[in-house]
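The values are calculated or read from the model by the stated rules, or taken from the named source; none is laboratory data. Worth saying up front: this structure is predicted, and the values here are computed from it rather than measured. When we count neighbours, we look across all protein chains shown, and the Cβ atoms used for this are built from the backbone with ideal geometry, even at glycine. We work out accessible area using only protein heavy atoms, side chains counted, and drop any ligands, DNA or RNA first. Shrake-Rupley method; radii C 1.70, N 1.55, O 1.52, S 1.80 Å.
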Amino acid sequence: KLADLKGLRRGRLRLGVMTTATYVAPEILGAFCQRYTGIDVSLNVTNRDQLLERLCAQDDDLYVMGQHHDFGQEVEAVPFAPNPLVMIARSDHPLVGQPGIPMSRLADEDLLLREPGSGVRDAVLGHFARSGVEPRVRMQLGSSETIKHAILGGLGISALSLHSVRLESGGGRFAVLDVEGFPIRRRWHIVYSRSRELSLVARTFLDFAIASEPDIRAQLDEAMAALRRVSGLPA
Ligand code: PGA
């Protein structure tokens, strides 16, 4: 028991997250560090493919990533908060406010896409493929932040994690398009290797993160409502 308490007083936590989780993980981590002072934390942010490499190399204690990789028996994946993808346009885009936009309509739109290795990219391309629509890819960009600015620059539309536009959702510059099949519903998982016992700190953080899920869901609902308001869509 004493050793346990010491573990929480002085431990170390290495967290690896996909870029979409950068919009959530630091706040959970901050609250965690406030509760458990004295813990050394590191946060490594990469796209899905690079995160899978970190998982294989056991670089971090815990990972926040999607579910649909074939992890096999060596990996535990605990379902975590939703990570929906929404189609985002600049608020003066002609499709803003139109209800039920068919996927085929997007064939004529410039699409901004993340880099190869990105989970968001694969989810978006998969949705286009299933809809039988060839996307017109205008640019490939290495981060959601760059894509957001490219949208504001009028370079095109893009499917982004709702988390990544949460802070700007009520600001009036971004709108959500009511496209068939969107939002694409996905969720994060907190993932760790079974081959090594989780440290007390990592277990404690896992429980702490899971407990924050209702707040994260509420923030998402609020962001979606704000975007729909900006877009003139019914709540
Ligand atoms: P990523 O994030 O695009 O940075 O790999 C993955 C995801 O949210 O699926």
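Brief remarks follow.
- Computed on protein heavy atoms with a 1.4 Å probe, the accessible areas place Val179, Val230 in the order Val230, Val179, largest first.
- Segment 90-108 versus segment 116-135: alpha-carbon centroid distance in Å: 17 Å
- Placing +1 on the Cβ of every Lys and Arg and -1 on the Cβ of every Asp and Glu, with no other charges, gives the chain a dipole of roughly 420 debye about its Cα centre.
- Listed residues Ile151, Ile216, Ile39, most fluctuating in the chain (Gaussian network, C-alpha, under 10 Å): Ile39
- Degrees, to the nearest 10: 48-57 long Cα axis against longest axis of the chain: 20 degrees
- Surface composition of segment 40-88: carbon and sulfur atoms hold 44% of the protein heavy-atom accessible area at a 1.4 Å probe.
- Separation between Cα centres of segment 140-169 and segment 178-199, rounded to whole Å: 21 Å
- Degrees between helix 119-131 axis and first principal axis of the chain (Cα, 0 to 90, nearest 10): 40 degrees
- Helix-only mean residue ellipticity at 222 nm for the chain, each DSSP H run of n ≥ 4 adding -39500 (n - 2.57), per residue, nearest 500: -11000 deg cm²/dmol
- Rounded accessible area of Thr19 (nearest 10 Å², 1.4 Å probe): 40 Å²
- The slack in the chain from Ala57 to Val133, taken as 0.36 nm per residue of separation less the alpha-carbon distance, amounts to 23.6 nm.
- Between Gly170, Gly132, Gly11, the residue with the greatest mean-square fluctuation in the GNM of the chain (Cα pairs under 10 Å linked by springs) is Gly132.
- Residue-normalised accessible area of the chain, expressed per residue, 1.4 Å probe, Å²: 48 Å²
- Spin-label zone in segment 147-172 - amide nitrogen under 18 Å from a point set 7 Å from the Cα of Glu27 along the C-beta vector: 161-172
- The angle separating the long axis of helix 213-230 from the principal Cα axis of greatest extent in the chain is about 20 degrees.
- A Stokes-Einstein calculation at 37 °C with viscosity 0.692 mPa s, built on the Kirkwood radius of the chain over Cα pairs, returns a diffusion coefficient of 175 µm²/s.
- Of all the options Asp207, Asp122, Asp110, the one that moves most in a Gaussian network model of the chain with Cα springs shorter than 10 angstrom is Asp207.
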